[in-house]
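**Q** First, the structure itself, so that you have it in front of you.
The values are calculated or read from the model by the stated rules, or taken from the named source; none is laboratory data. This structure is a prediction, so every number in the text was calculated from the model and none was measured. As a convention, Cβ positions derive from the backbone with ideal geometry for all residues, glycine included, and neighbour counts pool all protein chains shown. Protein only, heavy atoms only, side chains kept; ligands, DNA and RNA dropped before computing areas. Shrake-Rupley method; radii C 1.70, N 1.55, O 1.52, S 1.80 Å.
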Amino acid sequence: MYVCNQNSASISVINVSSLEVETTIDLQSLGFSENAKPHHAAVEPDGSFWYVTLIGENRVLKFNRENELVAQTEMEVPGLLALHPTKDILFVGRSMSAVNPPQSFGMVSRSDMALNEEIDLFFTRPHAIATTADNKHVFVASLVSNQILSVDTETREQELITMEGMNHVFVNFAISPDQTTLVGTTQMTGKLFVFDIEDPLSPQLDKAIDVNAQPWHPVYSHDGARVYFGNKEGNSITVVDMTDLTIEKVIEHEGIAQPHGAALSSGDKYLFVTNNNMKMMMNMGGTDQKKDDHSGHGSHSNHEEMEMAKPGMVTVVDTETLEVVKVIPVGMNPTGIGSR
């Protein structure tokens, strides 16, 4: 399991058997800056190679199983990654933190890490990205225009889907193992959107499920029965039963603080969720009136939420009991996580 520590310029490699950090890769020792900002990781199904985006270095790196850097390519503000299931292609989106990124997503050859093509989009600030198992279709969503683009990667036929209402701000997608369903989490409206993609060029909204605030990276169980994701502002993990599209459980624990990325171990025994853990309540001095405030507004508290440099965490959930079984300390501000 590969964890991007965005504020530490490092990557934690977790042994999923021992649930311990096996090694930490220091990107500065590889010649990158302290502002490298590793953001997302993707792993080959056989574990032979893995990839990571560096927002601050405009790079996508390739490592081998021994965690040796073997290749890299330049690409402006790379964000999320998605592997083509059968072809030598790595799809690369753009970072959410980039204010004005290129209006395109990249297609990188995994064998030699050549940036073969950047496919133009109809909208600005592309972020969420996912590909179907037949590798024919890629779904990309904008952070600012409430739109999803379905692209046939062979014919280049495209279909733009516009969502109604306020801008939902799609964070990321996941596709069911049977390739019939696309789910998308939304930052601003706190929903899990469920789309029927039996016709991938024309996704049909099936249901919008209200969840805790700021659902982040979703992951499907390998049998397609569940979707898991953290709720960044809700400090919780949501488990959705995909057989009846209902919330099965909301997990709360002291080890869940601004959850971000999510990944399952082989066999789905454990769910791993990264936690930014960047906020804490600070006493700003004076009498804490919140305890005695009966107005119901809590507006007189002397406590304020501040971003602080705190160690990040990876929360491990047993998927049979849906209980937290371990909290693993990692670097600062862990974000994306990848597993084979």
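**Q** Could you list, in sequence order, all residues of the range 106-138 that are modelled with pLDDT of 85 or more, in a loop (DSSP other than H, G, I, E, B) and of a type in the set (A, V, I, L, M)?
**A** Met113, Ala114, listed by residue number.
**Q** Something else: Please count how many residues of the range 258-285 are of a type in the set (A, V, I, L, M), open to solvent by 10 Å² or more (accessible area, probe 1.4 Å) and modelled with pLDDT of 95 or more.
**A** Of the residues in the range 258-285, the ones of a type in the set (A, V, I, L, M) are 262-264, 271, 273, 278, 280-282, 284.
When the remaining residues are screened for being open to solvent by 10 Å² or more (accessible area, probe 1.4 Å), the result is 262, 278, 280-282, 284.
Going one step further and asking which of them are modelled with pLDDT of 95 or more, we end up with 262.
Residues that pass the stated criteria total 1.
**Q** Could you identify the single residue in Phe63, Phe91, Phe32 that is aromatic (Phe, Trp, Tyr) and over 19 Å from Arg340 (Cα atoms)?
**A** On the way: Phe63 fails: over 19 Å from Arg340 (Cα atoms); Phe91 fails: over 19 Å from Arg340 (Cα atoms).
Result of the check over Phe63, Phe91, Phe32: Phe32.
**Q** Same structure again: Are any residues in the range 6-55 in a strand (DSSP E or B), in contact with a Ser or Thr (Cβ under 6 Å, 6 or more places away or on another chain) and of a type in the set (S, T, N, Q), and if so, which ones?
**A** Of everything in the range 6-55, those that are in a strand (DSSP E or B), in contact with a Ser or Thr (Cβ under 6 Å, 6 or more places away or on another chain) and of a type in the set (S, T, N, Q) turn out to be Ser10, Ser12, Thr24.
**Q** Restricting attention to the range 62-80, which residues are open to solvent by 30 Å² or more (accessible area, probe 1.4 Å) and either among the hydroxyl-bearing types (Ser, Thr, Tyr) or farther than 21 Å from Ser95 by Cβ (or both)?
**A** Arg65, Glu66, Asn67, Glu68, Val70
**Q** Can you list residue pairs whose Cβ atoms sit under 6 Å apart, with the first residue in the range 325-338 being part of a strand (DSSP E or B) and the second being open to solvent by 50 Å² or more (accessible area, probe 1.4 Å)? Count only pairs 6 or more apart in sequence or on different chains.
**A** Pro329/Pro311; Met332/Asn7
**Q** While we're on this one: How many residues does the range 191-208 hold that are open to solvent by less than 10 Å² (accessible area, probe 1.4 Å) and closer than 13 Å to Thr238 by Cβ?
**A** Adding up the residues that qualify gives 1.
**Q** With the requirement that a residue be open to solvent by less than 10 Å² (accessible area, probe 1.4 Å) and modelled with pLDDT of 90 or more, what does the range 83-105 give you?
**A** Passing the criteria: Leu90, Phe91, Val92.
**Q** Is it true that some residue in the range 42-51 is in contact with a helix residue (DSSP H, G or I) (Cβ under 9 Å, 6 or more places away or on another chain) and either surrounded by 22 or more Cβ atoms within 10 Å (Cβ to Cβ) or in contact (Cβ under 8 Å) with a residue 24 or more places away in the chain (or both)?
**A** no
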